[in-house]
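Below is one structure, written out as structure tokens; the observations come after it.
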Amino acid sequence: MRGLLLVACAAAFQAPAPRQPSALVRRATCTPAEANKVVNLAKQAIGRDAGVKDALGALQRVENILGSGSPAPGAVAVSFSASFRRQGNPFKLAFGKEAGTTKVANRGSNVSQIKARADGGKLVSCSIQMDGGWGRTINVRC
């Protein structure tokens, strides 16, 4: 009796048979040209938004594209990093051969991650994560 019970319990805990996928899943991809178009649209929107310039400074260059894809038909989403440079207040030099001239202090550059999405060739959303998403995020007006 005891052996029969062990066999019945063992049959109840068998792994299910592997299933074949019922449909093929198409990956959400986009071409590099489509991704570059979205990056250019985002750069234009960032240049027009005065709030971004106040918070981060002027956009210097796109460092590299982190990822791109097509979340829906006709839409393209791109994540990339870009460097921004802020300038400090102007000051007059007091000594040296350039005494009396006005200089502007550079406050360094900041590399931030940007996520942009375009639908039908028009920028729908764009956000800048100042420190990798752990802190403040700036939404760009599109």
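Listing for the model above:
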quantity	calculated
Positions within segment 117-135 being in contact (Cβ under 8 Å) with a residue 60 or more places away in the chain, more than 12 Å from ALA77 (Cα to Cα) and in a loop (DSSP other than H, G, I, E, B), in sequence order	MET130
Flag for ALA28 being touching a strand residue (DSSP E or B) at 6+ places or on another chain (Cβ under 6 Å), modelled with pLDDT under 75 and not charged (D, E, K, R)	yes
Residue match in segment 74-86 (condition: assigned to a strand (DSSP E or B), of a type in the set (Lys, Arg), at negative phi and without any contact (Cβ under 8 Å) to a residue 60 or more places away in the chain)	yes
Test: VAL140 is closer than 18 Å to PRO32 by Cβ, modelled with pLDDT of 90 or more and buried (at least 16 other Cβ atoms within 10 Å of the Cβ)	no
Given (1) part of a strand (DSSP E or B); (2) polar (S, T, N, Q); (3) modelled with pLDDT of 90 or more, index of the condition ASN110 fails	(3)
Test: residue in segment 95-105 that is touching a residue at least 24 places away in the same chain (Cβ under 8 Å) and either of a type in the set (Gly, Ala, Ser) or surrounded by 11 or more Cβ atoms within 10 Å (Cβ to Cβ) (or both)	no
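The values are calculated or read from the model by the stated rules, or taken from the named source; none is laboratory data. None of the values given here were measured: they were computed from a predicted structure. For neighbour counting, all protein chains shown are included, and Cβ atoms are generated from backbone atoms with ideal geometry for every residue, glycine included.
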